[in-house]
Each structure stands twice: as C-alpha cells, then as structure tokens.
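The values are calculated or read from the model by the stated rules, or taken from the named source; none is laboratory data. As the structure is a computational prediction, the values presented were derived from the model and not from experiment. Cβ placement follows ideal geometry from the backbone for every residue including glycine, while neighbour counts extend to all protein chains displayed. Ligands, DNA and RNA are stripped out before the accessible areas are found, and what is left, the full protein with its side chains, is counted by its heavy atoms. Shrake-Rupley method; radii C 1.70, N 1.55, O 1.52, S 1.80 Å.
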Amino acid sequence: LVPLVVAALGFALFLRYGLIQNTPIGLACEAGEESLTCTVRLAAILLFVRGWFCWTALAAASIQLWRPNLVTFGIGLVSAAFGLVLYNTRVSALAVAVLVLSLARARPEAR
C-alpha cells in the first residue's frame with residue numbers, strides 16, 4: 001500500500017501545484033483553451049469543490065472500522081491523501097483518524 005499512497009500523494013501534489021495553482025495554465029484554461037490539461041484541471045476542481053475526495057475517504061474509513069479489509073483501507077488512504085492535498089482537509093483528516101482507529105481493533109481468534 002505504501003507505493004500506492006505515495007503515488008497518489010505525488011499525483012495530488014502535481015494536480016495542485018502543476019495544474020490548479022499554475023497561473024499560466026489557469027489563465028489559458030479560463031481564456032477558453034480546450035486541451036487535456038484544462039479538462040483534467042477542471043475535473044480535479046469539480047471533484048474537490050463537491051468534496052468527493054473527503055467523503056470517499058470518510059466512507060471507506062467507516063467501512064474499514066466496521067469490517068476491516070485491505071481494499072477499503074487502501075481506498076481510504078488514497079482518497080484521504082487526495083483530500084488532504086486538494087483542499088478537503090477537515091473531513092480527510094477525520095478519515096485518517098478513523099483509519100488509524102481501525103488499526104486498534106482486536107484480532108479475531110483463530111479457529
């Protein structure tokens with residue numbers, strides 16, 4: 001999971017500082033340029049404005065707390081990384097706290 005989370009964190013940092021906060025790209029996209037860069041930038045902006053990253057992280061963390069699973073843990077970590085970098089910090093931080101809390105569960109007895 002560590003390489004996956006590091007890759008997600010790197011991509012989120014690229015989105016934030018390379019596309020969203022990059023002034024020349026922002027001005028070109030606002031002027032009406034139609035390119036893949038502007039489409040990705042717009043999609044990332046729409047996703048974090050609507051809070052998809054943070055609510056996905058919180059939902060996955062809640063499922064992880066209820067029924068621990070490696071897949072939900074990974075989804076929670078990746079979406080929390082995106083949420084923490086892309087302006088959804090409060091709910092994403094809560095999701096990280098719930099993920100950490102899910103690690104404190106007692107292991108089921110072996111039969």
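Observations, loosely collected:
- Considering (1) in a helix (DSSP H, G or I); (2) more than 20 Å from Leu94 (Cα to Cα), the lone condition that Thr72 does not fulfil carries the number (2).
- Taken over the stretch 2-45, the criterion of being open to solvent by 80 Å² or more (accessible area, probe 1.4 Å) and in contact with a Phe, Trp or Tyr (Cβ under 9 Å, 6 or more places away or on another chain) is satisfied by Phe11 alone.
- Of residues in the stretch 66-83 being among the hydrophobic types (A, V, I, L, M, F, W, C) and free of Cβ contacts under 8 Å to residues at least 40 places away in the same chain, the one surrounded by the most Cβ atoms within 10 Å (Cβ to Cβ): Ala80
- Filter result for Ser35 (under 20 Å from Leu1 (Cα atoms) and hydroxyl-bearing (Ser, Thr, Tyr)): no
- Residue match in the stretch 92-108 (condition: surrounded by 13 or more Cβ atoms within 10 Å (Cβ to Cβ) and in contact with a Lys or Arg (Cβ under 8 Å, 6 or more places away or on another chain)): no
- Within the stretch 17-38, the only residue that satisfies the criterion of being closer than 21 Å to Gly83 by Cβ and hydroxyl-bearing (Ser, Thr, Tyr) is Tyr17.
- In the set Phe53, Phe73, Phe82, Phe48, only one residue is in contact with a helix residue (DSSP H, G or I) (Cβ under 6 Å, 6 or more places away or on another chain), of a type in the set (Phe, Trp, Tyr) and more than 19 Å from Pro3 (Cβ to Cβ); that residue is Phe53.
- Cross-chain or 6+ apart pairs with Cβ under 6 Å, the stretch 28-53 first and in a helix (DSSP H, G or I), then hydroxyl-bearing (Ser, Thr, Tyr): Phe48/Tyr87; Phe53/Ser79
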